[in-house]
1. Which residues' amide hydrogens lie under 5 Å from the amide hydrogen of residue 244, considering only partners 5 or more residues apart or on another chain, with H built in the peptide plane?
2. How many nm is it between the label spots at residue 32 and residue 130, if each spot is 7 Å from the Cα in line with the beta carbon?
3. Say a paramagnetic label sat at a point 7 Å from the Cα of residue 216, along Cα to Cβ; which residues of segment 113-134 have their backbone N under 18 Å from it?
4. Please give the charge dipole size of segment 61-128, origin at the Cα centre, charges +1 on K and R Cβ atoms and -1 on D and E Cβ atoms. Round to the nearest 20 debye.
5. Could you do me a favour and compute the accessible area per residue for the chain, 1.4 Å probe, result in Å²?
6. Nearest 10 degrees, 0 to 90: what angle lies between the long axis of helix 80-94 and the longest principal axis of the chain (Cα atoms)?
7. Run the helix sum for the chain: -39,500 (n - 2.57) per DSSP H stretch of 4+ residues, divided by residue count, reported at 222 nm to the nearest 500 deg cm²/dmol.
8. Hey, what angle do you get for helix 2-11 against the long axis of the chain, alpha-carbon based, 0 to 90 degrees rounded to 10?
Amino acid sequence: MGEDVEKLKQRLSLLDYLRQQDWVARPAAHGDEFVGLCPLHLETRPSFYVNARKNLFYCHGCGQGGDLLRFVQLSRHLSFRESLAYLDQQSALTADPVAVLEQAATFYQQQLDRYLEALHYLEQRGLRDLALIKELRIGYAPGGSLRRHLTAQGYSCDLLQRLGLLNPHGSDAFYRRVIFPCCQGGRVVNLYGRSTGVSFAHRFLPGSKGGLYGWEQVQQCPEVILVEGLFDYAVLWQAGFRHVTCSLGTHLNTYQFRQLCDYPRTIYLTFDVDANGSGQQASQQLAHRLRARGIATRRVLLPDGHDPNSFFVQGGDAGQFQSLMEAAPS
């Protein structure tokens with residue numbers, strides 16, 4: 001019980017809770033303190049102080065003080081156990097999915113160096129630049145440990161299942177997968193798990209994938225290379241092509257398409273040249289749509305059977321890829 005209470009206190013901010021209850025405050029003398037009218041009794045001069053760093057309150061008018069749990073007991077006239085149940089419910093209702101995904105991404109990133117099979121897989125896919133791997137926040141999901149980590153932070157299994165981090169059986173959804181966080185506006189909005197073997201499918205979490213991967217870095221560039229896969233993106237970045245973005249598949253969502261059309265630029269479509277022709281068919285269709293919106297396009301034609309990742313893995317270099325770009329038909 002004591003451990004659960006401490007987790008709950010760490011998860012919920014007293015100041016945030018009070019503000020949700022329309023408590024109006026101003027900064028006090030010290031940077032971490034705020035003062036306002038006491039919510040527990042009638043008064044005309046502010047005497048209710050909150051220390052945001054310590055998560056504690058004290059009222060010099062009525063003499064009451066304590067933590068968030070004590071405040072709920074006093075303000076709602078609840079017992080200790082009733083207050084605990086109430087705050088647990090509030091926590092579940094107000095948990096920020098972005099914060100949970102951020103914690104999951106950070107946890108996976110911390111696991112990468114601990115598993116040689118993950119580092120070996122990245123090397124096989126042509127990723128050797130450790131600084132780049134760190135910058136892209138690439139991680140690894142060994143399986144069986146994320147649930148323990150996040151529930152220790154106070155998040156419920158029900159919440160983790162709703163986000164897709166746990167499967168319906170309560171086990172980690174990502175197992176033996178390299179993890180790429182997908183960000184939008186600096187916030188993690190999804191996670192992509194790339195299987196390191198043939199037994200598990202590659203997958204995203206449920207919900208939106210967000211916009212184009214890495215878009216913030218290239219949105220002002222007059223020329224942009226568009227690829228369909230994250231390893232394509234990573235090897236091009238590693239080879240020095242920093243004006244690259246990724247659509248996370250051949251079919252762009254409405255938001256991704258709008259991003260490409262928000263500024264006059266040239267898009268170098270660099271989709272897979274696969275045996276069934278699906279990548280190039282998608283490239284042609286996208287080129288037609290973009291040109292209809294006034295966006296110049298050029299289709300980079302890789303050798304048969306290649307995508308940008310395999311092109312570099314099998315000996316291609318930056319100069320050769322640059323030549324392919326220069327020869328790309330419009």
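The values are calculated or read from the model by the stated rules, or taken from the named source; none is laboratory data. What you see is a predicted model, and the numbers here were worked out from it, not measured in a lab. Methodologically, a virtual Cβ is constructed for each residue, glycine included, from the backbone with ideal geometry; neighbour enumeration extends over all protein chains shown. Side chains are part of the model used for accessible areas, which takes the heavy atoms of the whole protein and leaves out ligands, DNA and RNA. Shrake-Rupley method; radii C 1.70, N 1.55, O 1.52, S 1.80 Å.
1. Here the answer is 225, since their amide H atoms fall under 5 Å of that of residue 244.
2. 3.6 nm
3. Zone members listed by number: 132-134.
4. Values: 6 positive and 8 negative charges, 21 e Å.
For this selection, approximately 100 debye.
5. Numbers: 16730 Å² over 330 residues.
That works out to 51 Å² for each residue.
6. 30 degrees
7. Roughly -11500 deg cm²/dmol at 222 nm, from the helical runs in the chain.
8. Here the helix axis deviates by roughly 60 degrees.
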